[in-house]
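The values are calculated or read from the model by the stated rules, or taken from the named source; none is laboratory data. These figures come from a predicted structure and were not determined experimentally. All Cβ positions, even for glycine, are placed from backbone atoms using ideal geometry, and neighbour counts span all protein chains on display.
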Amino acid sequence: MNTTIRFVALAALFAATVTAQTTTPPVTAPPVTPHDTASCLDVTTVENFNVTRYAEAPWYVQKQAVNAYTPSTQTRCVTAQYEFRDDDNTNWWEKSWWGYTINVFNYAENAAGASQSGGLCADFDEDTPSQLGVAPCFLPQWFAGPYWIVSYREGAEDGYALVSGGQPENVIEGETDCGAGGTEPCCKTGDGINNSGLWILTRQRNPSAALVTEVSGIAKELGFSTSVLFTVTHDEDCQVPGIDDVDEDEDEDEDESTRVRVLRGTHSI
């Protein structure tokens, strides 16, 4: 019963945030052998992870897997922004009653420019800060889904994060070129709401192809199938709230220095 309530609540939230969908044919997922955890490599997360550093600047998604809230139609301008909450200095109705410590703002567009965005909340255990739990802010933390940083590097030019929605448990049939030696089965997480998803994120809006290839290789070494990923583009028409905001008092042709990062829609409880 709890599982059913959890699924319905989360599905309703994400359905409400969808503003438009295109008729672009969905990505055809490769066949999987579900829940064959014995054949999937155990995934560990980043040690000595600094959540504050991770949250201090936006992340641009370069590739992502299809799941319930990242459909294959979201091919443009996909970003994630984070900020630590300051519940000690905020209005009572803006406080997190469930103990969340981080605000999350996700944004995406389809090929036609129709956007989908939403604010979520996150928290983490001090002993394993690279294993975050993310959920709608109004839900208790036990509804949160895993958001694991499994590989990460900071850097203005080559900063990246490889993020998984938990432990992959589904073997991709016919893919056995994963692992350090390239002989292990390749696996994926689920494609629902929780315990699903794989993302390659970079600090650069448009990084070098070599960086994306490097992170894809790391994913394969860790046991992740990269055939489930689709590409996201970030063109000059991407105007992401909180990243590309321009002061209304300034001219429209002002340069990047006038843009101010302010998270939108992340303060609901």
Original post:
Within the bounds of the stretch 201-215, is there any residue that is crowded, with 20+ Cβ neighbours inside 10 Å, assigned to a strand (DSSP E or B) and touching a Phe, Trp or Tyr at 6+ places or on another chain (Cβ under 7 Å)?
Top reply: yes
Original post:
Do we have any residue at all in the stretch 230-237 that's over 16 Å from the mean Cα position of the chain (by Cα), at pLDDT 95 or above, β-branched (Val, Ile, Thr) and outside any strand (DSSP E or B)?
Top reply: no
Original post:
How about the stretch 65-88: which of its residues are more than 10 Å from ILE102 (Cα to Cα) and either in a loop (DSSP other than H, G, I, E, B) or hydrophobic (A, V, I, L, M, F, W, C) (or both)?
Top reply: ALA65, VAL66, ALA68, TYR69, PRO71, SER72, THR73, GLN74, THR75, CYS77, VAL78, ALA80
Subject >> Among (1) buried (at least 17 other Cβ atoms within 10 Å of the Cβ); (2) farther than 14 Å from VAL51 by Cα; (3) without any contact (Cβ under 8 Å) to a residue 24 or more places away in the chain, the one test that GLY181 misses >> reply: (1)
Original post:
Just to be sure, is ALA156 at pLDDT below 95 and either surrounded by fewer than 18 Cβ atoms within 10 Å (Cβ to Cβ) or within 20 Å of PRO71 (Cα to Cα) (or both)?
Top reply: yes
Original post:
What is the residue count in the stretch 83-107 for residues that are within 17 Å of THR202 (Cβ to Cβ) and touching a residue at least 60 places away in the same chain (Cβ under 8 Å)?
Top reply: 1
Original post:
Which condition number does VAL134 fail, the rest of (1) among the hydrophobic types (A, V, I, L, M, F, W, C); (2) assigned to a loop (DSSP other than H, G, I, E, B); (3) buried (at least 18 other Cβ atoms within 10 Å of the Cβ) being met?
Top reply: (2)
**OP:** Hey, can you tell me all the residues within the stretch 185-199 that are surrounded by 20 or more Cβ atoms within 10 Å (Cβ to Cβ) and either out of contact with any Asp or Glu (no Cβ under 6 Å at 6 or more places or on another chain) or of a type in the set (Phe, Trp, Tyr) (or both)?
**Re:** PRO185, CYS187, LYS188, THR189, GLY190, ILE193, ASN194, SER196, GLY197, LEU198, TRP199
Original post:
Is one or more of the residues making up the stretch 243-265 modelled with pLDDT of 95 or more and surrounded by 19 or more Cβ atoms within 10 Å (Cβ to Cβ)?
Top reply: yes
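Conditions tested, residue by residue: (1) of a type outside the set (Gly, Ala, Ser); (2) touching a Lys or Arg at 6+ places or on another chain (Cβ under 7 Å); (3) assigned to a strand (DSSP E or B).
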| residue | (1), (2), (3) |
| --- | --- |
| SER96 | no, yes, no |
| TYR107 | yes, no, yes |
| GLY113 | no, no, no |
| GLY118 | no, no, yes |
| ILE149 | yes, no, yes |
| LEU162 | yes, no, yes |
| GLY182 | no, no, no |
| GLY192 | no, no, no |
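Residue by residue, here is whether (1) farther than 23 Å from LEU222 by Cα; (2) hydrophobic (A, V, I, L, M, F, W, C); (3) crowded, with 22+ Cβ neighbours inside 10 Å holds:
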position: LYS63; (1), (2), (3): no, no, no
position: THR70; (1), (2), (3): no, no, yes
position: CYS77; (1), (2), (3): yes, yes, yes
position: GLU83; (1), (2), (3): yes, no, no
position: TRP98; (1), (2), (3): yes, yes, no
position: GLY118; (1), (2), (3): yes, no, no
position: CYS121; (1), (2), (3): yes, yes, yes
position: PRO129; (1), (2), (3): no, no, no
position: SER164; (1), (2), (3): no, no, yes
Original post:
among the charged types (D, E, K, R) and over 22 Å from THR45 (Cα atoms) - does that describe any residue in the stretch 217-232?
Top reply: no
